[in-house]
Structure formats: structure tokens, C-alpha cells
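So the structure is just underneath, and the comments pick up after that.
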Amino acid sequence: MRKLALPDDVLLKVEKPGRYTGNEINSVMKSKDEVDIRFAFAFPDTYEVGMSNLGVQILYDMFNSFEGVWCERVYSPWIDLDKIMREKNIPLFACESQDPVKCFDFLGISLQYEMCYTNVLQILDLSGIPLYAKYRSEDDPIVIGGGSCAYNPEPLASFFDLFYIGEGEISYKELFETYREAKKAGLSRMEFLKKAANIDGIYAPAFYEPEYNEDGTLKAFGPVTEDVPATVRKVIVSDFKNAPYPKKPVIPYVQAVMDRMVLEIQRGCIRGCRFCQAGYIYRPLRERSLDEMKEMVRELIYNTGYDEISLNSLSSSDYEKLPELLDYLIGICNEKGINISLPSLRIDAFSLDVMNKIQDVKKSSLTFAPEAGSQRMRDVINKNLSEESILGGALEAFKGGWNKVKLYFMLGLPGETDEDVKEISHLCQKIAETYYEIPKEERNGKVAITASTSFFVPKPFTAFQWAPMNKEDEFLEKARMLKNEIRSEVNQRSMSYRYHDAEVSVLEGVFARGDRKLDKLIEAAYRNGALFDSWTDTFNSDAWKKAFEETGIDPYFYTARERSEDELFPWDFIDIGVTKKFLLKEWKKSQEAVTTMNCREGCSGCGARCFGGGICFAPES
Amino acid sequence: MRLRVKFTKTGPMRFTSHLDIMRYFQKALRRADINVSLSEGFSPHMLMSFALPLPLGMSSTGEYFDVDVKDAPASDEMIRRLNEQMCEDITVLSVIKIPEDKANKCMSLVTGADYSVTLADGGKFDEEIFADGIQRFMAQDKIMAVKKTKRNEELTDIKPFIYSFYISEDLKTIHLRAGAGSVGHLRSDLVMNSLFEFLGLDAEKYELSSQRDELLSGKPEHFVPLYKMGEVMY
Ligand code: SF4
Ligand code: SF4
């Protein structure tokens, strides 16, 4: 029997103790003596959120397939356990072996959203690893970060030894080999890090330094030694058609946020919405082959026993063989009593037909993401979705028996006018009218329209990386304006409106385009008690306010400032394939409300062709 | 047809909640490719019923659920296939076919349970204190204890629901048979705490581990363990 890191009385005191006991189906146990590399893979959020991350599952499976490597999982202890661990000096441990993280060779931390940064410090701190990389000893694990936030690693640079830029499938094998050789040769930590910095996609912040102008903007950024590269290019799986996938994903006992099988049908996106970081950093679009996927579905059903399957991709409607794939899925899932969930499908005759087959129309609601209310604004953001097609889709749906519609919008997009904001409300009104156009007998009760807005946060590597972000009061003013407008609509009783918190959005904005000076801010907030910042219940506004005061950091320098076209950005040394020149062109086109075609319509020469695969090499249609 | 599955839950799995165990078995049945019956409608689900939830942290060698299936292999084969899908701290012990009438749902059948309480370090209980102490404890006319229900706390006489209570010859295990389920449900820790209080001992000083050994049905004089309420499939 495995010995648990936490004594019974502690496990009985905390919420959901099953988060910490490991031993899940398909989790991997190896013998310590048979491996020479131990990798602790941490997700800086709750177990339920972390277990739902496909990237972690993919890498966990891949690492454990390597001879001599044992990868184990680590999650942020929830606040109840966090407190007990500090009081009783219990070090953070990995789920599988229950051994302290500090005795591992590597600590990998998945960075998926900015609001997990204080949890990164929690993981280091509870592990007993110095927060700042420069204070780590030869015995501390090598701390490496990856995931979408690693594309602007600078706010976290002081806390990491390495960052991995791109898709994990490519360079880890070489990194582990390099580590083995370094150990054999008796190299020091720094010597190893320098070798690692020369592996594709690996960034070692210790060898790079920023220089600032008087106004705080970046003057120069580059290596301080000769033998590391000046730019770091992301690495991706160019031939994704038959790329490996986890055949036996770990199945948690404690219900995860995503309690289902996940079928990754493609990576990247053809669309290029100008606000969307994922759309740019994961370019080019690469599709998995249909045959491969059929095989995947069968294996997943057999190996997991889940009763639900969901497609994973940025924009599933764009998958070329979607009808064939869905036909196959519906067939096999009906036979086995498995539900299909289809997020990110565009609403049209085809998708409605599919949803009709797989869902209870009465219960389900339809989701549109127009992102902006006015056509002008949708052109600014290059969201190729016309009012006609929204209303057309809604009409079809209403005729088919649906009566619940959810709409997602952003407030604070660049160049947004009051009129643009109010158009959100008018679009909702038009949808309501569309419902009441159909004869009463054919209606399914009352229509319910929910509009949700989030506040726009400009992200690095997007066309809007130069854009100023609204301040909190501007956001709230817009939300109020929209609320009033919705209240004044004829069918306001059929509408409801929700908006996200502005304070968290501003913080996100600070870190998204932040630089290395922010390490002190993250540390201060953490010391003031900030933790689990992405959870409404645990978000600690005072801790952050105090941190800004203590460090003298001005959030608006990072958010509200308009950046000039020739400003050097902290993330410019990273090469995502898509060029800064292309993004700048997109930024300018957005100001004229001119749209850009998607990759399937034709190539706009963004630069991602350099990876030698995907849509860039598709035969002209 | 309806099957009854008996299983153990020990080690770290003690900290997995009742609901999570339910989901665990739903997945395991699918992985084992058991031909389960599903409810009609848009989100079909398995027709399962679990007996009496086990308190978190307690281990058990007598857990049960009933499940409706379209057909099933022999009991032996079924046990083998399920055990191939189990984690190390859950083992399927028996599978039987049970009558499908409503009265036979394992959720509502339970009227008693067997527990064994040991010292966490595997040692012996002090003979002088416990052997005689338990007898004196049981010799009381009434055993008053505060019983917590969902709504309130109540001082009640729990003696009628302690069906047997004794220490094993090797002094390592205290055996308790007590009321369980809808009528006269008695938690084993309540009985143990009352005993310690009666003996004037500080319960905190003893590190105990308790296990549920079996679930029983029927009247106390004629208790039948749940796994005997159907037939083995050949
Ligand atoms: S469709 Fe637009 S918003 Fe969605 S992933 Fe693609 S680029 Fe991003
Ligand atoms: S190079 Fe062309 S086809 Fe390839 S991702 Fe860029 S725009 Fe699309």
C-alpha cells in the first residue's frame, strides 16, 4: 500500500481529500530505482481544473512513455490544506509517489492564464524551493514553465529556470538527454541551463537581460552571453495528422471540471480574429486525420469508460471533415449510450441538425459569440460573423424548438464608440423580434436571451498588442450604459445581462503585456495573501491593491498606455512564426475596419508558413 | 436483470466520497464492457443503487451496489472482468443475481452493519480496561448518547441498536454489530466514543482505525448479509 503524504486527520479535515491521494485509474507508478529523471508536473490551480487540462494529459502520457523518466502530477492545495501545510510544515508532494516535490529533478508548471501567477509562487513556496531562480542551489529541481502564458514569460522570468515556448511534443526528449549528459559530466546547474538554452523552443531567462528607457519602456533586450540565441522560436508539431495522443488518460475520482473524453481534432485556427491570442500563437491550423480520430474514439471509450465525449479545438466548425466525423461519432455513441457535447460550433443549418440529433432541444441553449454588437466593430476585430447569419441561425433554431440563446460580447475593444456598445443591446432586441416573428403555435414558450460581456484585455502577439486597454471606471461605465440600453428595449423582459468583474481584467491586462519588473508585484501580492485569483470567492482585492502601493508599480503603464508602432515589446525576442510586421498591418487595417480573409480562403502571408506544415501547404481550393 | 456487486474499499480510497465511488463504478462497468441497461431519453444513464454511504476515512470489506444489466456472464467471469478494471484499493468480491422487485433495492434493505475497530498500529487493547469494560458498558440499563441527525441533536438511548459488542480473543479487534440504514442507524464512532467516555478514557489518545465488515438485512435475530440475498450465476 502506498503511504500518503498527509496523515488521516488532515485528510479528514480538508474539503475533497481525494484531490490529494493519487492512485487514479491510468495514473502511472514506476519504481524510483528504475528511473533517472523525475519530473513533477504542476498545475497551479485546483485538482479539478488541472485534471481537465488536455495539455497536461498529453505530456504526462508522453513523458511516462520515455525510458528512465517518471512524470507525476502536482496541483495547488486548496486554501484549507494550504493553511495546514504551512502550520505543520508539510512539504508539497506529488500525487503518485507522494514524495516531496523538492526531491524531483524537474518541476514543470503549466501556465494557462495570468491569474494563476500567485499560485505558481505557492507551489514553489510549499515545495521549499526558493521563489527566485537566482537563489536556487544545485539540489533544487529545475523549474520550467510552459503553456500559453509562456509566450510572454517576462513577468515570471525571475521565478523560472527555463521556459518552454511551443508545443511540448517536440523538445522535451532532447532536454532530458541534455540533463542526463550534464549530470554525467558533473556540470553545474548554470552550465546545464546554458546548454538547455540552445535547444529549440527553450528560453533560459538568466542569460538575457532587459534595459529600460527612462519612461519605463524597453530599450533593449537580449542575451548577456555569446553562446545563447538572440531569439527563441516556438516549436510545434508540423505533421499533426497522425500525432500521438494519450490513449489512456488519467481518470480522476474527484469529478473534474471536464468529466469526459476529449477528442483533439485540430490545432490552430484559420480565422485570425484580431483580439485572439490563441488564433495567432497556435498558427498554422493543423488537422488530425479522420481515420486516426475514429481509432482514437474507440480506444478512448474502451480505456476510460466516460459517458460523454467532447471535441476539442479552437473552432470545430472549421474542421474540414466535420460531417463525416460527427456521423461516425453519433453512430458509435448511440450504440454505447455516450453523450456528445459540441462546444465552439457555429450556429447554422448543419450544426442545428446535428444538435437536434444529440441533445434535448428543450433543455439546451444555443451559444453565439459575435464578440461585438455592431457590424463595424466586428470588422474591426475581423470576426467574420454577419448580423444576417446570426439572425438567420437564430430563426432556424427557434423554428426547431430552441428558445434559449446565450450571446458573448467584449466591451472595451479598440475604437469602440457608445453607439457600438448600444448595438449589443439592439442585436439582442432583433433576436427577440426574430423569435416573435414565428407563429405563436410554433413557439416553445417564452424566449430567453442572455448577453454576457467580458472586458477586452489586449494580449501579446495579437493585432491589438499596441492597443490601450480601458480603465476600470471606463469598463463599468460601458457596462452600465449597456444595461440601461437593454432595459429600454421593447422585449427587455426576455433579456438578461451579465458582466465580468473589471478588477481582475485589469490585473490580467497588467500581466498579459507585462515585463520583468512585475516579479516584485507578484511576490508582494502573494506575501499579502493573494492566492487562487481566478476564483471569485478567493480573489483578494486588498492584497493586490497593497502590492501595487508597496512596489510603486502603475498598472496603467501596462494597460491604458497606447504603444507606439516602433515600441520594443518584452516578448519580441520570441518568434511565433507570425511576424510583427504582419500584426502591425492587421492593427492598421483594424483602424480602417478592413477585414482579412481566413487561411482557407487564401494565404495572407502571416509568416507561419515557416513551420513547413498545416493549412499553409493545403492545395488551393 | 439485476445484479448485486459486493466490493472492498480500503487504503487511500477511504478518502474518495460516495458520489465519486458511484462515478468510478459507472466508468469501470463500461471499461469492463458489461452490457448495462440504460435509462431512456436524451442523456441515458445507468440504473444503479448504492447501499448505505460509508463515512469518509473508514475502510470497508462489505460495500454494495445493485445495477440493471441486459445480460451478464457467469459470476466468476464478471468478478474477473471487473477486477481487471479496479484500482489497487478496491476489489470486487462477489456478484449475484437478485430479484428485480422494488423491495429488494440494496439502498432500502440495510438494517444492520458489522464493524471492527483496531488500533492503528496493529497492537493489542489493554486487557484489563477493555475486556471487562465493554461488558460493564453493555450491562448498563440504558446507554445515553447524543445522536446527531440532519436537523438536530438528541440525547437518546442507543442500547437497543447495539446488537453485539465484544473484544476478540487476541485483544486486537473490537467487534460491533449495530443498527444501520433507515431505522436505528448508529455510527460506530458514536458507540466507541460512548465507550471511552464510560471508561473515563481520552479518546483522542487512541489512534483507532475502523472498518465496516458487512451490511446486513432483516430483523436483528435473523440478519442476512446482502450478498446472500440472490443467486450466484454459473
Ligand atoms: S475563431 Fe477567432 S476567436 Fe476563435 S479561435 Fe479562431 S481566431 Fe480565435
Ligand atoms: S502563412 Fe498563410 S496560410 Fe499559413 S497561417 Fe499564415 S496566413 Fe494562414
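The values are calculated or read from the model by the stated rules, or taken from the named source; none is laboratory data. From a predicted model like this one, the values you see are computed outputs, not experimental measurements. Here the Cβ positions follow ideal geometry from the backbone for every residue, glycine too, while neighbour counts run over all protein chains shown. With ligands, DNA and RNA removed, areas are computed over all heavy atoms of the protein, side chains included. Shrake-Rupley method; radii C 1.70, N 1.55, O 1.52, S 1.80 Å.
Remark: accessible area buried at the A-B interface is about 2300 Å², both chains counted, probe radius 1.4 Å. Rolling a 1.4 angstrom probe over segment A:467-597 with all protein chains present gives an accessible area of which 47% lies on carbon and sulfur atoms. Go through B:148/B:219; B:159/B:228; A:30/B:97 and tell me which ones have a Cα-Cα distance over 29 Å in this structure. Going by Cα-Cα distance, A:30/B:97 fall outside the 29 Å limit. By DSSP, the beta bridges lying fully in the protein assembly as shown are antiparallel in about 55 percent of cases.
The overall shape of segment A:320-447 is oblate: from the C-alpha gyration tensor, with semi-axes ordered a ≥ b ≥ c, the ratio a/c is 1.5 or greater and a/b is no larger than b/c.
If the Kirkwood radius is taken over C-alpha pairs of segment A:276-382, then at 25 °C and 0.890 mPa s the Stokes-Einstein diffusion coefficient equals 156 µm²/s.
Here the spin labels are modelled as points 7 Å beyond Cα on the Cα-Cβ line, and at residue B:170 and residue A:103 they lie 3.2 nm apart.
Only Cα pairs under 8 Å and 6+ residues apart enter the sum, and on that basis the relative contact order of segment A:1-80 stands at 36 percent. Across all directions, the average flat footprint of the convex hull enclosing the Cα atoms of chain B is 14.5 nm².
Applied to segment B:138-149, the Karplus parametrisation 6.51 cos²θ - 1.76 cosθ + 1.60 on θ = phi - 60° returns per-residue 3J(HN,Hα) values of 6, 7, 5, 5, 10, 10, 8, 8, 7, 9, 9, 10 Hz, with x for Gly and Pro. Taking amide H atoms as placed 1.01 Å from N in the peptide plane, the amide H of residue A:209 lies under 5 Å from those of A:222, A:224, each 5 or more residues away in sequence or on another chain.
Under the combined filter of DSSP loop state and at most 16 neighbouring Cβ atoms within 10 Å, segment B:113-182 retains these trypsin sites (Lys or Arg not before Pro): B:124, B:142, B:150, B:151, B:172.
With all protein chains in place and ligands, DNA and RNA left out, the 1.4 Å accessible area ranks A:250, B:146 as B:146, A:250, largest first.
With an a/c value of 1.5 or above and a/b larger than b/c for the gyration tensor axes a ≥ b ≥ c computed over the alpha-carbon atoms, segment B:111-221 is described as prolate.
Once the Cα gyration tensor of segment B:1-133 is found, what semi-axes does its equivalent ellipsoid get, as square roots of 5 times the eigenvalues, in whole Å, sorted largest first?
So the three semi-axes of segment B:1-133 are 32, 16, 14 Å.
Simple point charges give the picture: +1 on the Cβ of Lys and Arg, -1 on the Cβ of Asp and Glu, and for chain B a dipole about the Cα centre of about 880 debye.
Summarising the label geometry, the points placed 7 Å from Cα in the beta-carbon direction at residue A:327 and residue B:151 lie 6.0 nm from one another.
Which whole-number percent is the relative contact order of chain A (Cα, under 8 Å, 6+ apart)? The partial results should precede the final answer.
Numbers: 1118 pairs, mean separation 87.3, N = 621.
Once divided by the residue count of chain A, the mean separation gives 14 percent.
Ordered from longest to shortest, the equivalent ellipsoid semi-axes for segment A:258-312 are 27, 14, 6 Å, each the square root of 5 times a Cα gyration tensor eigenvalue. For the residues B:168, B:43, B:75, a GNM of chain B with alpha-carbon springs under 10 Å puts the largest fluctuation on B:43. Remark on segment B:5-25: accessible area falls by at least 10 square angstrom from chain-alone to full-complex state for B:11, B:12, B:13, B:14, B:15, B:16, B:20, B:23, B:24, probe 1.4 angstrom. Here the Karplus relation 6.51 cos²θ - 1.76 cosθ + 1.60, evaluated at θ = phi - 60°, turns the backbone of segment B:88-102 into coupling constants of 5, 9, 10, 10, 7, 9, 8, 9, 10, 9, 10, x, 8, 5, 4 Hz, with x for every Gly and Pro.
Three semi-axes describe the equivalent ellipsoid of the protein assembly as shown; taken as square roots of 5 times the Cα gyration tensor eigenvalues and ordered largest first, they are 51, 35, 27 Å. Computed from label points 7 Å out along Cα-Cβ, the spacing between residue A:226 and residue B:68 is 7.9 nm. Note on segment A:8-233: Cα convex hull, mean projected area over all directions, 13.2 nm². Along the axis of the charge dipole computed for segment A:8-233 (Cβ charges of +1 for Lys and Arg, -1 for Asp and Glu, origin at the Cα centre), the listed residues A:171, A:141, A:128 are led at the positive end by A:128. Under 18 Å from the 7 Å Cα→Cβ point of residue A:556, by amide nitrogen: which residues of segment A:188-216? Hits in segment A:188-216 for residue A:556 at 18 Å: A:215-216. The shape of segment A:35-74 comes out oblate: with a ≥ b ≥ c from the C-alpha gyration tensor, a/c is at least 1.5 while a/b does not beat b/c.
Candidates A:333, A:97, A:44 compared by Cα position along the dipole of chain A: farthest toward the positive end lies A:333, with charges placed on Cβ. Probing with 1.4 Å while keeping every protein chain in the model, the per residue accessible area of the protein assembly as shown equals 43 Å². Computed across segment A:82-170, the Kirkwood radius stands at 13.6 Å (inverse of mean 1/r, all Cα pairs).
To the nearest ten degrees, helix A:472-487 and the longest principal axis of the Cα atoms of chain A are 30 degrees apart.
Calculated [222 nm] ellipticity per residue, helices only, for the protein assembly as shown: -9000 deg cm²/dmol; basis is -39500 (n - 2.57) per DSSP H run with n ≥ 4, divided by all residues, nearest 500.
Tell me which GluC sites (Glu not before Pro) from segment B:43-124 have a DSSP coil assignment and no more than 11 other beta carbons within 10 Å of their own. Qualifying residues, ordered by number: B:100. Coupling constants for segment B:209-224 follow from the phi torsions by the Karplus curve (6.51 cos²θ - 1.76 cosθ + 1.60, θ = phi - 60°), and in residue order they are 10, 10, 9, 8, 9, 7, 10, 10, 10, x, 7, x, 5, 10, 4, 10 Hz; glycine and proline get x.
Residues whose amide H lies under 5 Å from that of residue A:312, counting only those 5 or more places away or on a different chain, are A:263, A:264, A:265; hydrogens are built 1.01 Å from N in the peptide plane. Sequence-distant contacts, meaning Cα pairs under 8 Å at least 6 residues apart, place the relative contact order of segment A:8-233 at 15 percent.
For a quick check: with amide H placed at 1.01 Å from N, whose amide H comes under 5 Å from residue A:145's, ignoring anything fewer than 5 positions away on the same chain? Under 5 Å from the amide H of residue A:145: A:109, A:162, A:163, A:164. Projecting the Cα atoms of A:529, A:582, A:557 onto the charge dipole of segment A:518-591 (Cβ charges, centred on the Cα centre) puts A:582 farthest toward the positive pole. Here segment B:180-229 exposes an accessible surface that is 49 percent carbon and sulfur, computed with a 1.4 Å probe and the other protein chains kept in place.
Mind jotting down the distance between the C-alpha centroids of segment B:201-228 and segment A:102-120, whole Å? After rounding, the separation between the Cα centres reads 45 Å.
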